[in-house]
Amino acid sequence: MFNLVRSLRVSGAAALSPKALLEREWLVTNGLGGYASGTVSGIPTRRYHGLLIAALTAPLGRTLMLAQLSERLALADGTYAALGFDELAGDDPVARAGIGHLTEFRLEGGLPVWEYEAGGVVLEKRLVLPYLQNTAVITFRRLSAGEPVRLYLRPLIHMRSHDGAVSTPHPAPYRVSATDEHYEVAAAQEYPPLRLVLQGPDRSFVLGAETAQQVRYALEEERGYDAVGELWSPGYFRVDLVRDEPVTLVASTESWEVAEAMSPEEATRAERTRRARLVLGAESHNADSTAGELVLAADQFLITPAGRVQDAARAHAAGEEIRTVIAGYHWFTDWGRDTMISLEGLTLATGRYAEAGYILRTFAYYIRDGLIPNFFPDGRTKGLYHTADATLWFFHAIGRYLDATGDTETRNLLVPKLVDIVEHHLCGTRFGIGVDPSDGLLRQGQEGYQLTWMDAKVGDWVVTPRRGKAVELNALWYNALRLLEGWLRDLRGEDAARPLATHAERVRRAFNERFWHADGGYLYDVVDGENGDDPACRPNQVFAISLEHPVLEPTRWEAVLDVVHHRLLTPLGLRSLAPGHPDYKPRYFGDLRARDAAYHQGTVWAWLIGPFIDAWLKVHPDDRTGARRFLEGFVPHLNEACVGSISEVFDAEPPYTPRGCLAQAWSVAEVLRCWIKTADKAGSSPDGRR
C-alpha cells in the first residue's frame, strides 16, 4: 500500500523549536532539473529557496521565477495572521514566518503539507510540481467549519539564475498584463513570462506593486556570500476560504495551454499516482517505509535535461530518450562520476531499467579522447572533461546494468567505445591520465587540476593534491580491464580478451607490491606522488575490496577493512581522512575557503557507506544483519536537513551535523542500494520492520 507519511511535530511537548523549523528544509522536483524548496518554517534562508525554480533552455538554465508567497489570513477580530513568509512583518524572523500558527509539517508520498491554525481557523497548504513541467500548483484548503474568511496571497518575484546572489539586481522593469483573470509578469530581459492564475470562490487580484527590501538569507551569510536582497510583488490575490473548497494558485513558465491542461486536482492526482507507481515498481516494494521513502528521494535526481535540445532531438531520432542525473540539490548539475556511482541505486534498485540504459547511452555519446564528461555546467550544452575516475566508474555502472538486465544490445553497442577508452588510457590522454609503462599502473595529474573525486579547489589551491597513482583509480582500472575482458570474450572470443587479461594481471601484481603500507597495515592513498608515497589513511582503499573484481589480495582484505572500520567509520558514512593526521578537520563550516579546506580532510561522506558495506559482506558474507546496522544512523537523519532525503556530507565528529548539499544523489543511491542488499530475503528487514 502506498501510504508513506513523514510528520514533524510542531506542537506539544516534543515539538520542534522555531530554530529547528528554520533548519529543516523540503524539496520537490519536476523531472527537468527544476525544483521548489524552502524551510519548513517558510522563511527563505538560501538563494536557492523558491516556489518555482524553472529549468529553462540554454543559456538560462535553472532560473528562480517565483521566489516566495506571502500568505495572510484575515481573522474575525480584524487582525491578520501570517501563515508563511510575510515580507511586511519586519526583521523578526519568527514573526515574519508566522511560525506560531504552524501546527504540523509532513511529507505525504514525498510531497509537502503544512497545517495551520489561527483564530479557530484550521487550514492546510500543499505544493505539487507536475512532472516534466515548469509549473507549481499551491493549494489551500480550509479544514474547519465556520463563516468564510479571506486569504491574501502576494507573489514575490526575483527573476535570476538560481545560483545568482540574492543581491543580484532585478531585470527591471517588470511588466504585468492580464487577460480574463490570467496574469503574466514579464521581465525586460530574456526570461519567459511568469504566468499566474488563482482558482477559488470570490477571488480577485489587486494590482499594487511593492518591494520587500532587506530580506536576509541566514545561510548565505553563514557561508560567506551576499545575504541581503529584494523581492518584488505586482500585487496580491484575495479569495474567500470556505470549508472543503480548495483555493489553488498556479504559477508557470509553460504556455497557458500546458499550464492548464489539467485541473489542480488532476495534476495532484497524477503526481500521486506516478509516485505510487515508482514505489510499487522498485525492488523494495515488499520491504519497509524507509526503502519506499528513499525510492521517492531517488526520483528527484533522475531528469530529462530541459536545456539540451540538440541532444534530445538526436536521441528521439534514434528512438531513444535523453536522461541524466542531477548530482545534488541545490547547486550541482549532472556530473559523470556521480551519475555512474549512483546509477545502480537510483535506477536498477528502483526498477527503472530503461532509464538506466538511456543514461549510459547518453554519456557514451559524449566520450572524447577516452573520457566521459566530468560535468555539464548549468545553462550550457557542452561538457567539461577534467576527471580521471568518472570514465572508470562508467565501466562499473555498465557492469551493474548488464548484470541486472542482460541487455546484450547495449553491451554490443558500447564495447567498441570501451575498447577505445582502454586504448586511450594505455597510450595516455588528457590531463596526464595514462598507464605507466614501467608497471602498468594508472597515473594522472596536471598542474591546477584535481582529477579524482577528492576534488576541492580554491582558486589555484588544490586542497588534496593526489597527482600520481591513486589507490582507487587503480582499483577501478583493474576492475574495468576485467569487466571488458569478460565482455570481449563473450562477444569476440578468447583471442580478443587475452590482451586485457594480460594488462589486468600486470596491474594486480604491481598494485599488491606497491600499495601495501606494511607499517600501517593498510593501503597507501597515492604512490609515486609528488612527495613520494602517501600513507594518509583515507577511505579510497576500500575500493580495492568492494568492486566486482577486487584488485587486493584476499589475504589482506580483513586487515584493510579493520582499519577502515575503526578509524574512518561513523554512523553516517566514512571519514575522508583519519583523525590524527595533521590536515584532519573535524568540522565542515564557514566560508568557501574554510569549507573546501575541510571537504576531504575528515568530513564524512554518506555515499562511502555503500562500498564499505560491499567490502564488509565480502569479508563477512553471512553478516547481513551486522551490515544493516551500519545504515541505522540514516533513518533519524531523514527527519533533519532536507526532510526525507540524505545530505552530501557530515561533520567528522559528533553530533555529525549534516552539511553541503541537502539532498545528494550518491548518498541516497548508496544507502537505498545497501538497504535493499541487507534486507531479509523473505522481504522484511533484519530489524523486523516492513
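Things to note:
- In summary, the lysines within cross-link reach of Lys677, defined as a Cα separation below 20 angstrom excluding same-chain residues under 8 places away, comprise Lys618.
- The Cβ shell under 11 Å around Gly610 holds other residues with a net charge of -1, Lys and Arg each +1, Asp and Glu each -1.
- What you get for the range 448-517, charging only the Cβ of Lys and Arg (+1) and of Asp and Glu (-1), is a dipole of about 180 debye around the Cα centre.
- Quotient of C-alpha Rg and 2.2 N^0.38 Å, computed over the range 571-690: 1.10
- Using a cutoff of 8 angstrom between alpha carbon atoms and counting only pairs six or more residues apart, the relative contact order for the range 436-567 works out to 24 percent.
- Lys/Arg +1, Asp/Glu -1 at C-beta; the range 571-690 dipole; positive extreme among Phe634, Leu672, Val649: Leu672
- Listed options for Kirkwood radius over Cα pairs in Å are (i) 28.0; (ii) 26.4; (iii) 27.1. The value calculated from this structure is the one marked (ii).
- Summing Cβ point charges (Lys, Arg +1; Asp, Glu -1) relative to the Cα centre of the range 5-275 gives a dipole of roughly 580 debye.
- Toward the positive end of the charge dipole of the chain, with +1 on the Cβ of Lys and Arg and -1 on the Cβ of Asp and Glu, the farthest Cα among Asn512, Asn134, Ala312 is that of Asn512.
- When only Cα pairs below 8 angstrom with a gap of at least 6 residues are kept, the range 5-275 shows a relative contact order of 19 percent.
- With contributions of -39500 (n - 2.57) from each DSSP H run of at least four residues, the per-residue ellipticity at 222 nm computed over the chain stands at -9500 deg cm²/dmol.
- Anisotropy class of the range 5-275 from Cα gyration tensor, a/c 1.5 cut: rounded
- In Hz, Karplus ³J(HN,Hα) per residue of the range 501-511 (6.51, -1.76, 1.60; θ = phi - 60°; x = Gly, Pro): 4, 5, 4, 5, 5, 5, 4, 4, 5, 5, 4
- Shape of the range 210-289 from the C-alpha gyration tensor: oblate (a/c of 1.5 or more and a/b not above b/c, with a ≥ b ≥ c the square roots of its eigenvalues).
- Cα gyration tensor category, rounded, prolate or oblate, for the range 1-69 with a/c compared to 1.5: oblate
- Peptide packing for 34-40, 628-634, 516-522 was compared via the average number of neighbouring C-beta atoms within 10 Å per residue; ordered from the highest value, the list is 34-40, 628-634, 516-522.
- Relative contact order (percent, whole number), the chain, Cα cutoff 8 Å, 6+ residue spacing: 11
- Taking the charge dipole of the chain about its Cα centre, with +1 at Lys and Arg Cβ atoms and -1 at Asp and Glu Cβ atoms, the residue from Val527, Ala497, Ser546 reaching farthest to the positive side is Ala497.
- Taking other Cβ atoms within 10 Å as a rough exposure proxy, Met340, Met262 sort from fewest to most as Met262, Met340.
- Dipole moment magnitude, nearest 20 debye, the chain about Cα centre, only Lys, Arg, Asp, Glu C-beta charged: 380
None of the figures in this text is laboratory data; all of them are computed from the coordinates on show. Fair warning: this is a prediction, and the values are worked out from it, not measured in the lab. Cβ: placed from backbone, ideal geometry, glycine included. Neighbour counts: every protein chain shown.
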